[in-house]
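The values are calculated or read from the model by the stated rules, or taken from the named source; none is laboratory data. In this text the structure is predicted, and so the values were computed from the model without any measurement. Every residue, glycine as well, gets a Cβ built from its backbone with ideal geometry; the counts of neighbours run over all protein chains shown.
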Amino acid sequence: MKTAGFLLNRSLKTGEFALILLFSIVFVLLWTLMPMYAALLVVAAVGLFFMFRLDVGLYLLVVLGFLHGLEIDFGKYQWARDIPYLPGINAPAGDVLVVLLMMSFVGALLFRTHEFTSLKKLKELIPGFVLYGLFILVALVSALSAYEYEFGLSLKYLGRPIIFVFFAFVLFILFVLKSKKQISKVFFIWFWLGVLSALFGLSSLFILEHTGWWRVTPYNLFGLAPFGYNHNQLAEVLVTFVPIGIFLSLKNYGTKKQVLYNIGTALIILASLLTLSRAAWLVLLVQLFMYFIWLKRDLLKKYKKNIGLLAISLCIVVVGAYMIKFLSSSVVKSSTSARWAATQVTTYNTLRSPLIGYGPGMYMSVLTDSLWYTIDYGDPLESHGFIQKVALEEGIIGLILFGGFLLWVLYYLYKLQKDNDRYQFLFQTLFIMVLSAIVFQLFNTSYFNSVMWLPIGVALSATCLVRDND
C-alpha cells in the first residue's frame, strides 16, 4: 500500500511538472507569434487556479485592495491595443483581481469546487441589502436626468464604482470568507500590511527632501506608488489597521507575541500621526473614545505599568504639539478655504435639485461650471467627503439611503457585540474598524473604492460566525 501511494504521488508530481512544462512551451510560442492570445492564456490559467483556490485569491485581494495606487493600464501594452475597448481600461490592481475572482467564483459554483456561505446565514443582512438596493435605484433615476444630459457618463459611474464596490467587496466577500480561520488569516495579513505600510511611510522622512512641513508622505518605489502620492491615501489605510493591531495584542496578552504586536501597532499609530492628516487624527480620537468606553478596565489593568504605553503617550504629546503648530500654517488654511468653498457650491446646487440630485459622477462637472470657484481655486478636486458627494449627485433621498446603509452596518455590528459574549471583542474590533473607515471618508475621496468597502465586507462576513457551528 505504501509503495502504491508513493508511486501515485510521484505520478501526480510528474503529471503536474509535464503540465507546467507544456503550458510554458505554449505560452512562449504564443507570446512570440500572438501576444494577445498568450495574455489570454495566462488569464485563463490564473482564473482556473483561483476556481480551485479562491482562498488564495481572497488573501491576495485583501492586500491589493489597500494598495490602491497600484494600477493596471492596458493602454501601455502593445498587444492590448488591437483588442476593442481594452486599451481604455485603467483600474486599480485590486479591482482587476476581484473581477477575475468573481469569474472564478461563478466557475466554482458551476463545478462545485468549493463550499460557500449559505444564503440562510445572510438573511439577517437583508435590511442592509434593501437600503443599498434602494440607493442604487434612486441613483439610476438620477442618472436618467443627469446634469447637462450626460446620461452615458452618469450611468457608467453608477455601474462603476457604485454598483461594482457592493458586489465586489461586500457580496463576493460574504460568500467566500466563511470561517474563523480565514478571518484570523485576514487579520494577520492586515496587521503586517499595516506594519509594512507604516515603515514605508516613515522611511519617507529620511528618503524624500522636505522643503515644507516634515510629514509622512507616500512616494514612488521602483516605479510603483502603492499609495499614490498624497498623505491622506496612506493615512486612510493605516488608521483602519490600528484596531487590528490592538485586537491581536490583547488576544495574545502575556505572551511573547504581544510584544511584537505592541511594537507593530505603535509603528502604525506613529506613522498615522506623522502623516499630519487631520482626518487621521480625528479617527484616532474616535478610536480612543470607543476603546475607553468598552475596554477601559482591561486597558488600565493590563497596561498601567507598561513602559511602551508611556512611550507612545509621550510621542503623541510631542507630535501633537507639532500638529497644533501645523494647523495654524498657511497650508492648512488654504486647504480649509478651498474645501469650504466647495461645500458652499455643493449646498447651493443641492438646494436647486434637492430630491434626486444631478446624477452619479456629476460632482466635478457641476463644480467646474461654478465660475467663481474655478477663478479663485483653479481646477476642482473630487469631493472631500461622501456627504457632499452623494447629496449633490443623488439628492437628499440618496443621501438618506446611503447614510442609512452605513448606519445599519454600524448598528448591526454594535448589536452583535452587545448580545454575543463569545465574539464580543471581535465585533467591537470590527465595529471600530468600520467606523474608522467611514469617519475618514467624511473628509476624503475613497468612499467608493475598496479602502472603505473591504472592511465592511469582512465585518459583515464575520457576523455569519454567530450562526456558524464550526
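Can you pull out the residues in region 379-400 that are more than 15 Å from residue 437 (Cα to Cα) and in contact with a Gly (Cβ under 9 Å, 6 or more places away or on another chain)? Across region 379-400, the qualifying residues are 390, 391, 392, 393, 394, 395, 396, 397, 398, 399. Annotation: of all residues in region 198-220 being of a type in the set (Gly, Ala, Ser) and farther than 19 Å from residue 265 by Cβ, the one that is farthest from the chain's Cα centre (by Cα) is 212.
Of the residues that make up region 120-142, is at least one buried (at least 17 other Cβ atoms within 10 Å of the Cβ), touching a Ser or Thr at 6+ places or on another chain (Cβ under 7 Å), part of a helix (DSSP H, G or I) and among the aromatic types (Phe, Trp, Tyr)? No, there is no match, as no residue in region 120-142 is buried (at least 17 other Cβ atoms within 10 Å of the Cβ), touching a Ser or Thr at 6+ places or on another chain (Cβ under 7 Å), part of a helix (DSSP H, G or I) and among the aromatic types (Phe, Trp, Tyr).
Restricting the first member to region 45-71 and to residues that are farther than 12 Å from residue 94 by Cβ, and the second to residues that are among the polar types (S, T, N, Q) and part of a helix (DSSP H, G or I), the beta-carbon pairs closer than 7 Å and six or more apart or on different chains are 47/104; 50/104; 51/104; 54/104; 55/182. Pairing residues of region 446-460 that are farther than 17 Å from residue 187 by Cβ and in contact (Cβ under 8 Å) with a residue 12 or more places away in the chain with residues that are surrounded by fewer than 24 Cβ atoms within 10 Å (Cβ to Cβ) and among the hydroxyl-bearing types (Ser, Thr, Tyr), at Cβ distances under 8 Å and at least 6 apart in sequence or on separate chains, gives 452/446. Among the residues of this structure, residue 162 does not count as one that is without any contact (Cβ under 8 Å) to a residue 60 or more places away in the chain and either in a helix (DSSP H, G or I) or under 30 Å from residue 364 (Cα atoms) (or both). Can you find, within region 347-380, the residue that is farthest from residue 134 (Cα to Cα) among those that are of a type in the set (A, V, I, L, M) and touching a residue at least 60 places away in the same chain (Cβ under 8 Å)? Restricting to residues being of a type in the set (A, V, I, L, M) and touching a residue at least 60 places away in the same chain (Cβ under 8 Å), the top hit is 366. Counting the residues of region 251-281 that are closer than 15 Å to residue 188 by Cβ, of a type in the set (A, V, I, L, M, F, W, C) and touching a residue at least 40 places away in the same chain (Cβ under 8 Å) gives 1. Taken across region 420-432, residues that are under 30 Å from residue 358 (Cβ atoms) and either aromatic (Phe, Trp, Tyr) or at pLDDT 95 or above (or both) do not occur at all. Annotation note: of 159, 88, 94, 128, the sole residue that is in contact with a Leu (Cβ under 6 Å, 6 or more places away or on another chain) and under 22 Å from residue 449 (Cβ atoms) is 94. For residue 91, which of the numbered conditions (1) hydrophobic (A, V, I, L, M, F, W, C); (2) touching a residue at least 60 places away in the same chain (Cβ under 8 Å); (3) part of a strand (DSSP E or B) fails to hold? Going through (1) hydrophobic (A, V, I, L, M, F, W, C); (2) touching a residue at least 60 places away in the same chain (Cβ under 8 Å); (3) part of a strand (DSSP E or B) one by one, residue 91 breaks only (2). Residue count for region 143-152 satisfying the condition of being surrounded by fewer than 18 Cβ atoms within 10 Å (Cβ to Cβ) and assigned to a helix (DSSP H, G or I): 4.
Across region 200-238, the number of residues qualifying as within 22 Å of residue 446 (Cβ to Cβ) and hydroxyl-bearing (Ser, Thr, Tyr) comes to 4. Just one of the listed residues (112, 81) is loosely packed, with under 14 Cβ neighbours inside 10 Å, closer than 26 Å to residue 58 by Cβ and charged (D, E, K, R), and it is 112. Scanning region 189-213 for residues that are free of Cβ contacts under 8 Å to residues at least 24 places away in the same chain and either surrounded by fewer than 17 Cβ atoms within 10 Å (Cβ to Cβ) or within 20 Å of residue 262 (Cα to Cα) (or both) turns up 196, 203, 206, 207, 208, 209, 210, 211. Taking region 236-265 as the range and being part of a helix (DSSP H, G or I) and surrounded by fewer than 20 Cβ atoms within 10 Å (Cβ to Cβ) as the test, the residues that pass are 250, 251, 256, 257, 258, 259, 260, 263.
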